[in-house]
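The values are calculated or read from the model by the stated rules, or taken from the named source; none is laboratory data. Please read all numbers here as calculations on a predicted model, not as lab measurements. Cβ placement follows ideal geometry from the backbone for every residue including glycine, while neighbour counts extend to all protein chains displayed. The area values use the complete protein model at the heavy-atom level, side chains included, leaving out ligands, DNA and RNA. Shrake-Rupley method; radii C 1.70, N 1.55, O 1.52, S 1.80 Å.
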Amino acid sequence: MRKSKQEAAATRQRIIKAAAAAFRKNGIAGTGLSDLMAAAGLTHGGFYRHFDSKDQIVAEACAAATESAIAAFFSTKSPQRGLKARIAKYLSPAHRDDPSAGCPLAALGSELARCDEKTRAAATQAFLELVDIIAAESGKTRPDVARRRALVAASTMIGALMMSRIVTDSELSAGILREAEKQLVNS
């Protein structure tokens, strides 16, 4: 029996959501199609009914993960208002320790750099959204200055989170997060 278009769309979204988490947790190269379909509660054979290629699901999962991360860390509806609070939340041990629910740029940065143009465009859009949100919180700062500062802040946040996950020394990891936060909130 064939699924309705609405059911197919819901299944597709479930696959994208599962893929976004799996890619952030295990990496793009470390996640096979059968892995992400299993995470969505489906069989590998159904993948090509919804997507043309792994590149397509990577691009769409990156966009979905970005939307989710921005909502979690920078939403205007967030109870933690203000840039300092949002930086602290982004550069927290909780975010470091749960890449599957966090920022895809920090979780997949080096892999995204090697992806196809469409996926890199989705990552670029994600980065620019983050920059725009940070710049918008700069108060009365001139827009060009706010944007330059936001480029540095976003890059620092992503890099610090990525490095805090890479290092094997827990004190160093915590120090990376702490010092990046200090630099960003005091600048």
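For residue 108, tell me the accessible area in Å² from a 1.4 Å probe, rounded to the nearest 10.
In the full protein context, residue 108 sits at about 10 Å².
Over the Cα atoms, compute the radius of gyration (one decimal) and Dmax (the largest Cα-Cα distance, rounded to a whole number) for the range 61-159, in Å.
13.2, 39
Please give the per residue volume of the convex hull enclosing the alpha carbon atoms of the range 101-169, rounded to a whole number of Å³.
It is 101 Å³ per residue.
Could you tell me the center-to-center distance, by alpha carbons, between the range 166-187 and the range 78-152 in angstrom?
Using only Cα atoms to place each centre, the spacing works out to 16 Å.
Can you send over the solvent-accessible area of residue 44, 1.4 Å probe, protein chains only, in Å² to the nearest 10?
Per-residue accessible area (residue 44): approximately 90 Å².
Using label points projected 7 Å from each Cα along Cα→Cβ, tell me how many nm separate residue 72 and residue 89, to one decimal.
Those two pseudo-labels are separated by 1.1 nm.
Quick test of the membrane-span-like rule: which DSSP H helices of the chain reach at least 20 Å along their long axis (C-alpha atoms) with mean Kyte hydropathy at least 0.0?
54-74, 117-136, 143-166
What's the carbon and sulfur percent of the range 81-187's accessible surface, probe 1.4 angstrom, rounded to a whole number?
55
With Rg and the Kirkwood Rh both taken from Cα atoms, where does Rg over Rh land for the chain?
My calculation of the ratio gives 1.02.
Comparing 21, 150, 38, which has the greatest mean-square fluctuation in the GNM of the chain with Cα pairs linked when under 10 Å apart?
38
Keeping all protein chains in place, calculate the accessible area per residue for the chain (probe 1.4 angstrom), answer in Å².
Value for the chain: 56 Å² per residue.
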